[in-house]
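Heads up: the structure comes next, in structure tokens.
Just so it is clear, none of the values below were taken in a lab; they were calculated from the coordinates. These numbers come from a predicted model, not from an experiment. Neighbour counts are summed over all protein chains in view; Cβ atoms, including those assigned to glycine, are modelled from backbone coordinates with ideal geometry.
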Amino acid sequence: MPSRLIARAMAALLATAMATPALAQFQDAITPPAPAPAETIYINGHIATPDGWQTALAIGQGTILAIGNAAQMKAHTAAATRVVDLGGKTVLPGLIDMHVHAVDAGLHARECAFPQGSAAPVVVAAVKVCVGAARPGAWVVGGQWDASSLGKVAPHRRILDAVAPKVPVVLHDISLHSVWVNSAALAAAGIDRNTPNPAGGVIERDSKGEPTGVLRENAAIMLLNKVPSPSDEDRVAALRHATQAMLAQGITAYEEALMATANARAYAALSDAGGLAQHVRTCMWDSDQGLIAQRHLYARPGLDVSCVKMILDGVPTESHTAAMHDPYADAAAFGDASRAKGSLMIAPEAIAQRLTRYDAAGLTVKLHAAGDASVHAALDAIAAARKANGAYGPHHEIAHGNFVLPADIGRARDLGATFEFSPYIWFPSPPVQDLYHTVGAERMARFTPVREALDAGARVVIGSDWPVVPSMSPWVAIETLVTREAPGGGATSLAPSQKVSVAEALKMMTVSAAMQLGVGDKVGMLEPGRQADLIVIDRDIFAIPPREIHATKVLRTVIAGKEVYSAKP
């Protein structure tokens, strides 16, 4: 058949096909719809978008309908549309904190508190007041102490016994990995000179073999299990308090870093009551296998239970519980050769077996790994899972990563692992005072290697680890990521080679975190079609000196188009 006849036949066939009802409906379906009416339009703003700064934004049905200028919003204006003049204030995507212990943070607000960095007399005075106010039969629980701030006074049960001879007292340290208790607490927990160290834990002892009152890791958990538990109602109230505090800082989503069954009940209850505004992914404690097996009982819209938390080591403080590749700098003077490098709390082969099983089930694993040896073990386990299950499993998270071997930075990228750097202590502060002594200046020069991880192309997200740090303020986090100095600036900096830009810091807390949570298609940036999660702040953090960012105030927090926080005038 001549080519001209073929062309005519094809044209006739196409015309017939386009006339059929199905294709006619398809043609109607792809016709651009009329502009949707907005419930709220924000004008006169300074709005950060992937295409640059804009001045107006329209929201309907929880979705961003349009971004541009005020004139372009007229197509979305209806009689019921609320128009909000932002007065030139800056609008950013909602921020995401990738490491929070929200229930604990809410409960901590009710505890016997003293400032981090307190000297021994301040601690003792605070405990004395709390003991005097304690109800009969109650324990006094509080914190947070650190050995370097206590000066020449080593934490010992006798110091607390002097003001609390009968009331059990438990004081958390700044890492929440150790406790300092009095004799009444030891007796209530059944811990004495004959009590062996539990697996993965240390009962510190004096020269006579008697417990000093300082318990590390699983030994601390052993005692904490004897403390009267908060009621379910108290947990829900604590969670509500914590989530509201985060909304006031502009945090519109977060990852709950360690959840056992009691806190799972609190999350489900608050969600059912309509009190959980943020999107939350919860990381179930690997030790709570019952919760993992029944996790879907607690899942709700916006409450994701697809993460498991494994704790591989402790912390690199004077406790020497973080697993390090090389000995601690003060190992020779420590007096316990078995703890010269710290140690893993789980054998490497067991880490790999568990992670491979979770990976096969589609669960993201968040691995507590503070020391460089534990980070290496975590990456070995991820490599084993990739080999067993294929290359496209979940992006498992290395939580903390305070110390990482240089070769493991690129290895994480190649394995599709995510660095979740936390807590917010990458600047001179009380929690890091011990580290120069225990770890040494050479390793501290690369402390929390954010710059290296970004340059290597790894996915990097940021977590506060609240209440390990007293505030989850993302503005402190952003400023100090940029300056590596104390908020407001200072004469010294911590690992300045790891500085990042404001844009990089913000991306880690928005786009990258949203991708890690599995909601990167919905949130993380402001553009039409995405969920309307945004915050209005009182300054342009890109235009001011970086040392002023920590003072940023959130004026409005919006989640799915609904204002869930508004600052008081």
Check your understanding: Based on the mean of other beta carbon atoms within 10 Å per residue, what is the order of 156-166, 416-426, most packed first?
Key -> 416-426, 156-166
**Study point:** Among beta bridges that DSSP assigns inside the chain, antiparallel share in %, nearest 5
**Key:** 45
Practice item. Please give the per residue volume of the convex hull enclosing the alpha carbon atoms of the range 458-521, rounded to a whole number of Å³. Key: 102
Exercise for review: Any chance you could get the radius of gyration and Dmax over the Cα atoms of the range 210-360, in Å?
Suggested key: 18.6, 56
Practice item. Quickly estimate the mean residue ellipticity at 222 nm for the chain, helices only: each DSSP H run with n ≥ 4 gives -39500 (n - 2.57), and the total goes over all residues, rounded to 500. Key: -9500 deg cm²/dmol
Point to revise | Where only C-alpha atoms are counted, convex hull volume of the range 30-165 per residue in Å³ | key: 234
Exercise for review: Mind pulling the angle between the C-alpha long axis of helix 261-272 and the longest principal axis of the chain? Nearest 10 degrees, somewhere in 0 to 90.
Suggested key: 40
Revision key, fill the gap. By the mean-Cβ-within-10 Å protection proxy, highest first, 315-323, 402-410 rank as 315-323, 402-410
Check your understanding: How long is the range 103-224 along each principal axis, judged by its Cα atoms, biggest number first, in Å?
Key -> 33, 32, 31
Point to revise | Extension gain, D538 back to D455 (0.36 nm per residue minus Cα-Cα distance, nm) | key: 26.7 nm
**Study point:** FRET efficiency for D51 and S231, using Cβ-Cβ distance with R0 set to 41 Å, rounded to 0.05
**Key:** 0.25
Check your understanding: Past the 18 Å Cα-Cα mark, which pairs from K522/K562; K89/K568; K341/K366; K208/K341; K522/K553?
Key -> K341/K366; K208/K341; K522/K553
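Past 18 Å, Cα to Cα, is the threshold; run K128/K166; K128/K152; K166/K226 against it and keep the listed order.
K128/K152
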Review point. Quick one: Debye curve from the C-alpha atoms of the range 311-363, no solvent, what's log10 I(q)/I(0) at q = 0.12, 0.26, 0.30 Å⁻¹?
Key: -0.36, -0.92, -1.09
**Study point:** Cβ-Cβ FRET estimate between A491 and E442, R0 fixed at 22 Å, reported to 0.05
**Key:** 0.55
Exercise for review: Might you report the magnitude of the Cβ-based charge dipole of the range 46-123 about its Cα centre, with Lys and Arg at +1 and Asp and Glu at -1, to the nearest 20 debye?
Suggested key: 300
Check your understanding: Dividing the Cα radius of gyration by the Kirkwood radius, what Rg/Rh value follows for the chain?
Key -> 1.05
Review point. How big is the convex hull of the Cα atoms of the range 183-286, per residue, in Å³?
Key: 126
Exercise for review: Treat every Asp and Glu Cβ in the chain as -1 and every Lys and Arg Cβ as +1, leave all other atoms uncharged, and give the resulting dipole magnitude about the Cα centre to the nearest 20 debye.
Suggested key: 680
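Using mean Cβ contacts within 10 Å as the protection proxy, how do 341-352, 389-400, 482-493 order, highest first?
Output ranking for 341-352, 389-400, 482-493: 389-400, 341-352, 482-493.
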